[in-house]
Each structure stands twice: as C-alpha cells, then as structure tokens.
C-alpha cells in the first residue's frame, strides 16, 4: 500500500463524513434544484408563447402562481378549513369506532387498551412534549422550505451561469459529456415533474368527484391529501386511502366498502394507466427501486427524504445509465 493510496483513502473518509454532516444542506439544495426545474418548465412554456426575456418571464410565472394560489384559496380554503375542523371533531369518534372493532378480536385487546382509558394529566404530558417537538420541527421545516424556494428562484433566474460553474470545475475533455449529462438530467426531471403534476391533479379531481358522489364525509380534504400523496408513489396512495376509508366507517360499513373499492380502482388506474402514459418519454422507474429509495432516504432523513426520493432516483438513474453503463460497462473488454 503506497502513501498516495493511504492519502486518497483518508480523503475519501473525510469527504464522506463532511457530506454526511452537510446532508440537510445538500437536501435543501437538491430540493431547490427540483423546484427550479419546475419553474423552468413554466418559464420555457411562457417564453414560447411570448417574447419575454427570462427575468421578466420568471416574474410573470411567480405572479401567475401567486394569483392562481390566491384564487384557489378563496374558492377552496373556507370549505377546507371547515372540513379540517370537522375532522378534529370526528377524530375521537373514529378512535372509539376503531377501538370497538379491536375489542371484538381477542388478539388485539392490547392495542385496543392503548386507545382507551382516562386521559389524565400524567398521560397527556408526554403528548404535550411531543406536540412541542412537532411545533419546533414544523418551524424548522418552514425555514428550510423558505430557503429552498429562495434558492430555487435564484437558480431559475440564471440556470446557464450555474451550469457553467459545474462545467468549469469539470476537466476539459469531459466537458461535452458533462453538458450532455446535465441536459439529460434536466429533461428527465422536468418530464417526471410535469407527468406527476398532471397525475396528482387528476387524482385530486377524480377523488373529489367520486367521494362527493358517494356522499362520503370531508370529500375535499380527503381528495387534497390523496392528490398530494400521489407524489410519493407506492407508499403515498395507500396511506392516503386510510383517511377517507376511516371517515366513511363513521357513517356505515357499506359506505366504507364503497370508498375503499373506489380508491383501489382509482389507485390501479393511476399506477398502471395514467402515470405510465404520462411518463412514457421519461425514465421508467421500477417499483422496487422507487420503494427501496423511499425507505432508505426516509430512514436517513425522515419525511423530506421520502418526498425527494423519487426525483433523486430519476437523476441517479440517468447518471448511472450515462456514466456507469455507457462509459464503463459497455466499453469493458
């Protein structure tokens, strides 16, 4: 073992520890890249229809997003707030309903006992501490989200300058390949974001309409959660089904079965028809790879890791195909 090998090994260890300590910074930066790519898609669409320069197009896109959010907020926010309040009132009834179902099975009596009993001060103190911890975590998450949005706007303002910075630190012979790789990653990520946004919007509208036709409680709130969790494939749609199914149980078992069947049909249509159709021109993510990435980043980084797992897999799949497969494996003699 030579001195250079030892030094390279130590350098690799130091860099690994440094990246691990900076994992939250890297997560915020990558989230900003994802948001900037989404903004870039809208900017490119607006520039194709008008003669606006990029700064003016960015301001116009941000203005349209703010106006659109305000209009949707005025239309949906009052009903959404009312349904959230109703959820708070229905939640104890739902817990009691689940407890009664658990009591019917002798094998689940221990779990049922955990939901029952007098909620004394001693029992509420741990919950209060957890709520304070959640409040502090929510404030920290809000700050990180604001920093992510600010970085995304700065990246979207002049993406070529940031791309040039990456190319400048790339060795000259590899710069054309790096430029092509960056463009492929941008196209794959942009296509994935566009397809998933259309898919989530469709799921939201269809879920809202279906639950309203079934006269299920809190249809708007349930549909919004189902639409948002579409961005977390495999885990998200299954978890989103629990809310409308549980709320339907408060009215009748028949309604619960109807809501469950409706959600299962919609999930399969979204997973096997809608999403593959929308993402046919982008990278094809295997369900096993997507689920493994979500579980791994969720264990390491929590909820932000789960949310950013799929965009990261999209980028890593392009990088692996271009660098490892084409540059190494295909040239192996």
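The values are calculated or read from the model by the stated rules, or taken from the named source; none is laboratory data. Source: prediction; values computed, not measured. So basically every Cβ, Gly included, is an ideal-geometry build from the backbone, and we count neighbours across all protein chains shown.
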Taking the criterion of being modelled with pLDDT under 80 and assigned to a helix (DSSP H, G or I), would at least one residue in the stretch 303-323 satisfy it?
yes
Meets criteria (modelled with pLDDT of 90 or more, out of contact with any strand residue (DSSP E or B) (no Cβ under 7 Å at 6 or more places or on another chain), surrounded by 15 or more Cβ atoms within 10 Å (Cβ to Cβ) and farther than 28 Å from residue 88 by Cβ) for residue 260
no
Would you confirm, using the coordinates I've provided, whether residue 193 is buried (at least 19 other Cβ atoms within 10 Å of the Cβ), within 15 Å of the chain's Cα centre (by Cα) and at pLDDT 85 or above?
yes
Residue list for the stretch 174-190, restricted to those being surrounded by 16 or more Cβ atoms within 10 Å (Cβ to Cβ) and either without any contact (Cβ under 8 Å) to a residue 12 or more places away in the chain or under 24 Å from residue 72 (Cβ atoms) (or both):
190
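Listed here are the residues, each with its yes/no results for (1) closer than 17 Å to residue 199 by Cβ; (2) exposed (fewer than 13 other Cβ atoms within 10 Å of the Cβ).
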{"site": "217", "(1), (2)": "no, no"}
{"site": "234", "(1), (2)": "yes, no"}
{"site": "247", "(1), (2)": "no, no"}
{"site": "252", "(1), (2)": "no, yes"}
{"site": "295", "(1), (2)": "no, no"}
{"site": "298", "(1), (2)": "no, no"}
{"site": "304", "(1), (2)": "no, no"}
{"site": "317", "(1), (2)": "no, no"}
Checking 253, 244, 217 in turn, the sole residue that is without any contact (Cβ under 8 Å) to a residue 60 or more places away in the chain and touching a helix residue (DSSP H, G or I) at 6+ places or on another chain (Cβ under 7 Å) turns out to be 244
Can you give me the number of residues within the stretch 221-263 that are assigned to a helix (DSSP H, G or I) and farther than 21 Å from residue 201 by Cβ?
16
